[in-house]
Structures are given as structure tokens and as C-alpha cells.
Amino acid sequence: MDYKGQRLAELLYECIVIVAAVVAFCAGYLMEDFKLMVQIFAAGVALAFIVSVPDWPWFNRNPLEWLPKEATQNQEEDEPSTAEASNGRTSQDSGASAARGKTRKRR
């Protein structure tokens, strides 16, 4: 479901629930029956649920445009690995520091 589809689903849900509430109140008031009012309102909520929750095709009319897969792979290759970037050393630097550490122990 795209963003405009989400907006449409929410608008439909709100309108159906409000109309169901008004109809239920009027019917319950005129018939003097609270049970009828609750049943009509519950039917309206169920209808709103059926209309707005499933991902119907009319909610997908404006799909998002994603980047092509090739562009994202090239960007990942250009970036250094997270281990090297986190400590600021390259693999050559770590080897040199390890060699220095061995010479210090021998003294």
C-alpha cells in the first residue's frame, strides 16, 4: 500500500464509521432500541474494517520508485568496511602495529 493509498484507506474508514454512528444513533433514537443502535454501529465498523484493512488494488495506484539494484551495489563497494572505518586503521596499519608490539616485548 502506498502513501496515497494509506490516506485513502484512513479517509474511507473515518467516513464509514461516522456515517454508521449517525445512522445508528438516529435508528436507535427513533426505534427506542439501544441494542439496534449497537448492532448498526457494529455493522458499520465491520464494513469499515473490510474496506480499509486489506490491501485492495485501488490502494496501490501510486507505487514508490526505488533505486535500481546496480546503483546500490556500486555504492556499497565504494564505502570502506565498518571494521576499518571504526578504528581508522587499514589492514597494513594493523600489521605494522602488531609487529611493533612484538619488538617491544623482546626488549
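The numbers here are math on the coordinates, done by the rules we state, and not lab data. Since this is a predicted model, take the numbers as computed values, not measurements. Heads up, the Cβs are rebuilt from the backbone with ideal geometry, glycines too, and the neighbour counts pull from every protein chain shown.
Under a plain spin-label model, where a point goes 7 Å from the Cα along Cα-to-Cβ, how far apart in nm are C15 and D33?
Those two pseudo-labels are separated by 2.9 nm.
Residues in region 47-61 near a label at V23, defined as backbone nitrogen under 11 Å from the 7 Å Cα→Cβ point?
Counting backbone N atoms under 11 Å from the label point, the list is 47-48.
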